Amino acid sequence: MQKVYNKILSVTGNVITVKAEGIANEELAEISTSRGKSLAQVIKLDHDIVSLQVFAGSQGIATNDEIRFLGHPMRVTFSDDMLGRIFNGSGVPRDKGPALAENLIEIAGPSVNPAKRIIPRNMIRTNIPMIDLFNSLVVSQKLPIFSVSGEPYNELLARIALQAEVDMIVLGGIGLKYDQYMYFKNTIEEGGAMSRSIFFIHTASDPIVEGLMVPDLCLAVAEKFALNGKNVLVLLTDMTNFADALKEIAITMEQVPSNRGYPGDLYSQLASRYEKAVDFDDAGSVTVLAATTMPGDDVTHPVPDNTGYITEGQFYLRNGRIEPFGSLSRLKQQVNDKTRDDHRAIMDGLIQLYAQYNETEEKRAMGFRMSEWDKKLLKYGKLFEANMMDLSVNISLENALDKGWEILAECFTPEETRMKTDLITKFWPEEAK
Amino acid sequence: MNKTKGTISGINGNMISVEFDGNIIQNEVGYAITGDDRLKSEVVKIQGNVAYMQVFEITKGLRVGDAVEFSGEMLSVQLGPGILGMVYDGLQNPLNELAELHGFFLKRGVILDALDFKAEWEFTPVAKKSDSVHAASVLGHVPEGIFEHKIFVPFNLQGDFKVTSIVKKGQYKVSDTIATIENDKGDKHDLTMFFEWPVKIPIEFYRDKLVPKEPLMTQTRIIDTFFPVAKGGTYCIPGPFGAGKTVLQQVTSRFAEADIVIIAACGERAGEVVETLREFPEITDPRTGKSLMERTIIICNTSSMPVAAREASVYTAATLGEYYRQMGLNVLLLADSTSRWAQAMRELSGRLEEIPGEEAFPAYLESRIAQFYERAGLVEFEDGTFGSLTIGGTVSPAGGNFEEPVTQSTLKVVGAFHGLSRERSNARRYPAIDPLDSWSKYVSFIDNKPIQYAREILRKGNDVHQMMLVVGEEGTSIEDFTIYLKSEFLDNVYLQQNSFDSVDGATSPERQKYVFNFVYNVLTKQFNLKEKDEARNFFNKLRQLFIDWNYIDMKDGEFKKQEAKITQLIEENSDNAEGV
Ligand SMILES: Nc1ncnc2c1ncn2[C@@H]1O[C@H](COP(=O)(O)OP(=O)(O)OP(=O)(O)O)[C@@H](O)[C@H]1O
Ligand SMILES: [Mg+2]
């Protein structure tokens, strides 16, 4: 039973209202305008006044345009035929392939029962020392890359996606620049991974509201594949654009903003997406890597701030490098005790010394005399940056650990490193003893 | 009783407006009916014949015109034996049982009993026929875990009663009648081993509320020694994301010397609860020899679970805490994070179109926070026994800035403040409790004088450090430099603690006393260090030995050997090295 209405009461921002009865919360409708058809979703009901957000935006909507309620909420197709395909933010193909309409599943489904979750246990190796050694990535982790626009965060996402041993890649673009979209497409194709990838792409030139659905579409599909045993890596770029779309709708709906215009439920909105990351016992998993650009390089901006409170760590990308401070994988301790004895100690030890190097570097810049210790630190800092932080370094975790000991031995005596004595006995390079 | 009915007239997120006919109560539970689903909701505002209700489930698919059934009861929990070891959502739905019935996902509209109505308990009566009783009088007890779970006259019965019958010792189910009571008006009640209590009403059946004095040992050195928590007291842990709030609460839940620990995972990550959920059953509590899970209750309403249930979850946790306190136990409630609870109130307030306060939080934020922490306390019961409920809450301030409404309102009411700093967590100085900013109004189990001395060293050391950043090391005297090294030493070997190490992760009070005394001697000692590099080398060595010492079990023979090595190193470098 589809109901058709053609009297629009109001148009504000990208939200319209109509008078209609028997409509369900979050139901979809289709609007036919002179510009074509667009989907819209019910976001509020007040007696017989129905508010809808229009995916294609409200430009050109006429008060007598036809609105057809579809009787169901947003859905997406789910099948193996999706592999290698590219869809837009409404789930419609944007490649030249056929439309897929079978086996529709609801998006934004219920949460996983925490009692059914398991402790994450498998490391995802990336061969990037700043990740593998210092902040190991773990299957089912949710982790954003914090960076200012202009940093190569999409390049980093693509590289991790190709080097990680996962069964599938689901890419969600939200406000993605066209050249970045092409970059992903080409890189994944050249890497031979397109046949195990699905793209949902909303570009910067598409209507803003349409980007709102992208995370849910990606995660609903990823979740289904995971239940069927696949280990899925979901890339979402850029979640700041997603938050900005939420902000726009909230302001249109005259919600009281909590912080810099963002709605009070920003945390819950972001959390309900990120929490889809999961490792199903006896089935597959969903790992979520996102890009979160920080307006004004300000980590206290509401989007990175709320994100940091939700995700299991973050990678800071600054000056083309993953920053050792601030970057954090909160799941690393689940896996870094099963790699090599010295993993944790090297991880902590190198970072503490690098922190001291930074202080010394500041003192040096201010023209202070350098003590013997300062000189050691300066040498260490340079070696650390070149051998660990540089993103062009592409070595296994084990090689990175060995490298760590080499650097230490080149700069310090064993007790200056604060390492536990038994580790020093075992790992301190022979030549230096 | 004829229950009130209504129909939905508006839907805005998780808030519905309902036109009703009849009488309803503020905070009454109702059910919005959509298809086969009954969505639990709570009345939060009443205006004329319209009730505003927060729905504890996703409102997708709900329609204007759908029916609402009111229950006549306020939002309540079931109290009775069998709560220990359970994992509940914010409304006391048992999650393991839900998982068995419905698999991976939290199916909407499913409500299960919090207690196991099939299990039998060995009830031992205490009350006798014709005893005078009233609410919270003890009728008997059943064994639960390592405790005697007291069976009370339900808290919601008003006035005095006489016991007219009580069963003999034996096996009973929670819903079996175990006693009958009657008042002088002839009102009779059949009593079972369980009853319900509204979560937003504190349980206050005690003679006196006392000032908390006795320390509650957490086995985290910086807390117990410097910023202690007291049994029946309150404390908060504010800190920016990733500074270590959750890890600190996790180690506390493991090692704290409380009888019962209630973990309220309120609007945070599901994965964090899973660690506790999977690990606790495997860990033996050294003080009881039983699994840690047997003294633990988990209230788990994580961030993607419905927001309204998150708002309720901290009250559910507090109510369960008060219930077990009533049995004369020391209960510790750890809430992570109270900011998510405050945000749930903010979302609700926004949908009610209330006039917003700072950062859009409702004007009543401060009083709600105060009321929540007021539920903690050390209390004395009529029979002269004591019980305590201690509450520790994390706070997640926007932007990591403590000058925000939730942190500020919390600081006004709690007894201790463990402020985590971004600087310390970035430098991996865990636990990242800032030793200069934090405070506690409770008294440490270690003498005040040496503690004040140690804190003074930390302050001075920090001053010297700040100065060195300006004037450099060469502009600093060896005396000042030594103070700086001493403060770093104290920080490195005592304040910092490796939560993930089986020995260092928990330091018993006995060991804290012993080691602190040792550290104090180092802090007060005059060393014959003339050059800065010499001084630094000495303290590096000392720190190295000391950290190794921290990793050795006190009962291990190596403990004394390592201590001797440290003592020797100190002697060699002391001013009175030769002579005395
Ligand atoms: N005591 C500790 N020892 C070692 N590592 C720690 C310690 N505390 C925290 N960490 C590290 O910091 C990470 C973040 O800690 P935690 O999850 O407790 O932060 P949080 O303050 O609760 O953050 P959020 O507000 O985002 O929940 C941990 O995963 C761990 O890697
Ligand atoms: Mg936390």
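The values are calculated or read from the model by the stated rules, or taken from the named source; none is laboratory data. Please read these numbers as outputs of a predicted model, since none were measured by experiment. Here the Cβ is made from the backbone with ideal geometry for all residues, glycine too, and neighbour counts use every protein chain on show. The protein model used for the area step is the full one, side chains on, heavy atoms only, and it has no ligands, DNA or RNA in it. Shrake-Rupley method; radii C 1.70, N 1.55, O 1.52, S 1.80 Å.
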Query raised in the report: Take the residues of segment A:320-336 that are touching an Asp or Glu at 6+ places or on another chain (Cβ under 8 Å) and away from ligand 2 (no atom under 16 Å from the Cβ): which is nearest to B:GLY271 (Cα to Cα)?
Result: A:ARG321
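Hey, any hits in segment A:259-266 for a residue that's hydrophobic (A, V, I, L, M, F, W, C), within 12 Å of chain B (Cβ to nearest Cβ) and under 28 Å from B:GLY13 (Cβ atoms)?
Filtering segment A:259-266 for residues hydrophobic (A, V, I, L, M, F, W, C) gives A:266.
Subsequent filtering for residues that are within 12 Å of chain B (Cβ to nearest Cβ) retains A:266.
Imposing the further condition that a residue be under 28 Å from B:GLY13 (Cβ atoms) reduces the set to A:266.
Yes: one or more hits.
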Report summary line: Those residues of segment B:231-245 which are within 13 Å of ligand 2 (Cβ to nearest atom) and among the basic types (Lys, Arg) amount to B:LYS245
**Report entry** Members of segment B:81-118 found to be crowded, with 16+ Cβ neighbours inside 10 Å and of a type in the set (Lys, Arg), listed by number
**Finding:** B:ARG108
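Would you check if B:GLU488 is assigned to a helix (DSSP H, G or I) and away from chain A (no Cβ under 14 Å)? I'd like the intermediate steps shown before the answer.
Values: assigned to a helix (DSSP H, G or I): yes; away from chain A (no Cβ under 14 Å): no.
So B:GLU488 fails the test.
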Query raised in the report: Under the condition of being basic (Lys, Arg) and open to solvent by 30 Å² or more (accessible area, probe 1.4 Å), which residue from segment A:310-345 is nearest to ligand 1 (Cβ to nearest atom)?
Result: A:ARG330
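Among the residues of segment B:110-119, are any assigned to a loop (DSSP other than H, G, I, E, B) and facing chain A (nearest Cβ under 10 Å)? Working first, answer last.
Here is the first cut: in segment B:110-119, the residues assigned to a loop (DSSP other than H, G, I, E, B) are B:110-119.
Subset that is facing chain A (nearest Cβ under 10 Å): none.
No, the conditions are met nowhere in segment B:110-119.
Out of all the residues in segment B:306-327, which are open to solvent by 10 Å² or more (accessible area, probe 1.4 Å), within 18 Å of B:TYR31 (Cα to Cα) and among the aliphatic types (A, V, I, L, M)? Even if it seems obvious, please write down each step before you answer.
Restricting attention to segment B:306-327, the residues satisfying the condition of being open to solvent by 10 Å² or more (accessible area, probe 1.4 Å) are B:306-307, B:315, B:326-327.
Next, only the ones that are within 18 Å of B:TYR31 (Cα to Cα) stay: B:306-307.
The one that is open to solvent by 10 Å² or more (accessible area, probe 1.4 Å), within 18 Å of B:TYR31 (Cα to Cα) and among the aliphatic types (A, V, I, L, M): B:VAL307.
Anything in segment B:14-53 that is within 13 Å of another protein chain (Cβ to nearest Cβ) and under 33 Å from the mean Cα position of the chain (by Cα)? List them, or say none. Lay out the reasoning, then the answer.
Restricting attention to segment B:14-53, the residues satisfying the condition of being within 13 Å of another protein chain (Cβ to nearest Cβ) are B:14-19, B:32, B:34-35, B:37, B:39, B:50, B:52.
Residues satisfying the conditions are B:ASN14, B:MET15, B:ILE16, B:ALA32, B:LEU39, B:TYR52.
Could you count how many residues in segment B:328-339 are open to solvent by less than 10 Å² (accessible area, probe 1.4 Å), within 16 Å of ligand 1 (Cβ to nearest atom) and within 12 Å of the chain's Cα centre (by Cα)? Give the steps one after another, and end with the answer.
Quick first cut of segment B:328-339, residues open to solvent by less than 10 Å² (accessible area, probe 1.4 Å) only: B:331-335, B:337-339.
Filter once more, so that each one left must be within 16 Å of ligand 1 (Cβ to nearest atom): B:334-335, B:337-339.
With within 12 Å of the chain's Cα centre (by Cα) added as a condition, the list becomes B:334-335, B:337-338.
Counting residues in segment B:328-339 that are open to solvent by less than 10 Å² (accessible area, probe 1.4 Å), within 16 Å of ligand 1 (Cβ to nearest atom) and within 12 Å of the chain's Cα centre (by Cα) gives 4.
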Requested in this report: Look through segment A:293-309, keep the residues that are buried (at least 17 other Cβ atoms within 10 Å of the Cβ) and more than 14 Å from ligand 1 (Cβ to nearest atom), and return whichever of them is farthest from the other protein chains (Cβ to nearest Cβ).
Outcome: A:THR293
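For segment B:460-472, what are the residues that are under 22 Å from A:GLN352 (Cα atoms) and either open to solvent by 20 Å² or more (accessible area, probe 1.4 Å) or within 16 Å of ligand 2 (Cβ to nearest atom) (or both)?
Initial filter on segment B:460-472 (under 22 Å from A:GLN352 (Cα atoms)): B:461-470, B:472.
Once the filter is applied, which keeps residues that are under 22 Å from A:GLN352 (Cα atoms) and either open to solvent by 20 Å² or more (accessible area, probe 1.4 Å) or within 16 Å of ligand 2 (Cβ to nearest atom) (or both), segment B:460-472 yields B:ASN462, B:ASP463, B:HIS465, B:GLN466, B:MET467, B:LEU469, B:VAL470.
Within 14 Å of chain B (Cβ to nearest Cβ) and exposed (fewer than 15 other Cβ atoms within 10 Å of the Cβ) - does that describe any residue in segment A:57-72? Write out each step before concluding.
Filtering segment A:57-72 for residues within 14 Å of chain B (Cβ to nearest Cβ) gives A:69-72.
Still in the list and also exposed (fewer than 15 other Cβ atoms within 10 Å of the Cβ): A:71-72.
Yes.
If you take the residues in segment A:109-122 that are open to solvent by 40 Å² or more (accessible area, probe 1.4 Å) and touching a residue at least 24 places away in the same chain (Cβ under 8 Å), which one is farthest from the other protein chains (Cβ to nearest Cβ)? Please lay out each step first, then the result.
Initially, segment A:109-122 is screened for residues open to solvent by 40 Å² or more (accessible area, probe 1.4 Å), giving A:110, A:116, A:121-122.
Within this subset, residues satisfying the condition of being touching a residue at least 24 places away in the same chain (Cβ under 8 Å) are A:116, A:121-122.
Working: A:LYS116: 5, A:ARG121: 11, A:ASN122: 14 Å.
Filtering segment A:109-122 for residues that are open to solvent by 40 Å² or more (accessible area, probe 1.4 Å) and touching a residue at least 24 places away in the same chain (Cβ under 8 Å), the one farthest from the other protein chains (Cβ to nearest Cβ) comes out as A:ASN122.
Yes/no matrix, rows are residues, columns are (1) within 14 Å of chain A (Cβ to nearest Cβ); (2) within 18 Å of the chain's Cα centre (by Cα); (3) open to solvent by less than 30 Å² (accessible area, probe 1.4 Å); (4) aliphatic (A, V, I, L, M):
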{"position": "B:TYR373", "(1), (2), (3), (4)": "no, yes, yes, no"}
{"position": "B:LEU378", "(1), (2), (3), (4)": "no, yes, no, yes"}
{"position": "B:GLU382", "(1), (2), (3), (4)": "no, no, no, no"}
{"position": "B:GLY400", "(1), (2), (3), (4)": "yes, no, yes, no"}
{"position": "B:PRO405", "(1), (2), (3), (4)": "yes, no, yes, no"}
{"position": "B:LEU420", "(1), (2), (3), (4)": "yes, yes, yes, yes"}
{"position": "B:PRO431", "(1), (2), (3), (4)": "no, yes, yes, no"}
{"position": "B:TRP439", "(1), (2), (3), (4)": "no, no, no, no"}
Query raised in the report: What is the one condition in (1) part of a helix (DSSP H, G or I); (2) in contact with a strand residue (DSSP E or B) (Cβ under 8 Å, 6 or more places away or on another chain); (3) open to solvent by less than 20 Å² (accessible area, probe 1.4 Å) that B:ILE369 does not satisfy?
Result: (2)
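Would you call A:ASN241 under 21 Å from A:ILE201 (Cα atoms) and away from ligand 2 (no atom under 16 Å from the Cβ)?
On the way: under 21 Å from A:ILE201 (Cα atoms): yes; away from ligand 2 (no atom under 16 Å from the Cβ): yes.
Answer is yes for this residue.
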Report task. Output the residues belonging to segment A:377-414 that are open to solvent by 70 Å² or more (accessible area, probe 1.4 Å) and part of a helix (DSSP H, G or I). Result -> A:LYS379, A:LYS382, A:ASN399, A:GLU406, A:GLU410
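Every residue, every condition in (1) more than 16 Å from ligand 1 (Cβ to nearest atom); (2) open to solvent by 10 Å² or more (accessible area, probe 1.4 Å); (3) under 24 Å from B:GLY82 (Cα atoms); (4) small (Gly, Ala, Ser), yes or no:
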position	(1), (2), (3), (4)
B:GLU196	yes, yes, yes, no
B:THR220	no, no, no, no
B:PHE227	no, no, no, no
B:GLY239	no, no, no, yes
Report task. Note down all Cβ pairs under 6 Å where the first residue falls in segment A:407-419 and is farther than 16 Å from B:ARG536 by Cα, the second is in a helix (DSSP H, G or I), and they're at least six residues apart or on different chains. Result -> A:ILE407/A:LEU383; A:LEU408/A:THR417; A:ALA409/A:ALA432; A:CYS411/A:LYS376; A:CYS411/A:LYS379; A:CYS411/A:TYR380; A:MET419/A:ALA345; A:MET419/A:GLY349
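Quick grid of which residues meet (1) open to solvent by less than 10 Å² (accessible area, probe 1.4 Å); (2) within 30 Å of A:ALA40 (Cβ to Cβ); (3) in contact (Cβ under 8 Å) with a residue 60 or more places away in the chain:
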position	(1), (2), (3)
A:LEU133	yes, no, yes
A:VAL139	no, no, yes
A:ALA161	yes, no, yes
A:ASP167	no, no, yes
A:TYR178	no, yes, no
A:PHE199	yes, yes, yes
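Restricting the search to segment B:392-418, which residues are in a loop (DSSP other than H, G, I, E, B), within 16 Å of ligand 2 (Cβ to nearest atom) and under 20 Å from B:LEU333 (Cβ atoms)? Let's see the steps before the verdict.
Pass one, segment B:392-418, residues in a loop (DSSP other than H, G, I, E, B): B:396-397, B:401-404, B:412-415, B:418.
Subsequent filtering for residues that are within 16 Å of ligand 2 (Cβ to nearest atom) retains B:396-397, B:418.
Within segment B:392-418, B:SER396, B:HIS418 qualify.
Yes or no, residue by residue, for (1) at the interface with chain B (Cβ under 7 Å from one of its Cβ atoms); (2) over 18 Å from B:SER502 (Cα atoms); (3) touching a residue at least 12 places away in the same chain (Cβ under 8 Å):
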{"residue": "A:GLY326", "(1), (2), (3)": "yes, yes, yes"}
{"residue": "A:VAL335", "(1), (2), (3)": "no, no, yes"}
{"residue": "A:GLY349", "(1), (2), (3)": "no, yes, yes"}
{"residue": "A:GLN352", "(1), (2), (3)": "yes, yes, yes"}
{"residue": "A:ASN358", "(1), (2), (3)": "no, yes, yes"}
Report summary line: Cβ pairs under 7 Å, 6+ apart or interchain, first in segment A:16-38 and within 14 Å of chain B (Cβ to nearest Cβ), second loosely packed, with under 13 Cβ neighbours inside 10 Å and among the basic types (Lys, Arg), ordered by first then second residue, are A:VAL18/A:LYS7; A:LYS19/A:LYS7
Requested in this report: Within segment B:252-302, track down each residue that is within 16 Å of ligand 1 (Cβ to nearest atom), assigned to a loop (DSSP other than H, G, I, E, B) and either more than 18 Å from the chain's Cα centre (by Cα) or away from every other protein chain (no Cβ under 13 Å) (or both).
Outcome: B:ALA256
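State all residues of segment B:246-269 that are within 11 Å of ligand 2 (Cβ to nearest atom) and more than 20 Å from A:PRO114 (Cα to Cα); if no residue qualifies, say none.
First, the residues of segment B:246-269 that are within 11 Å of ligand 2 (Cβ to nearest atom): B:246-250, B:265-269.
Listed by number, the list holds a single entry, B:LEU248.
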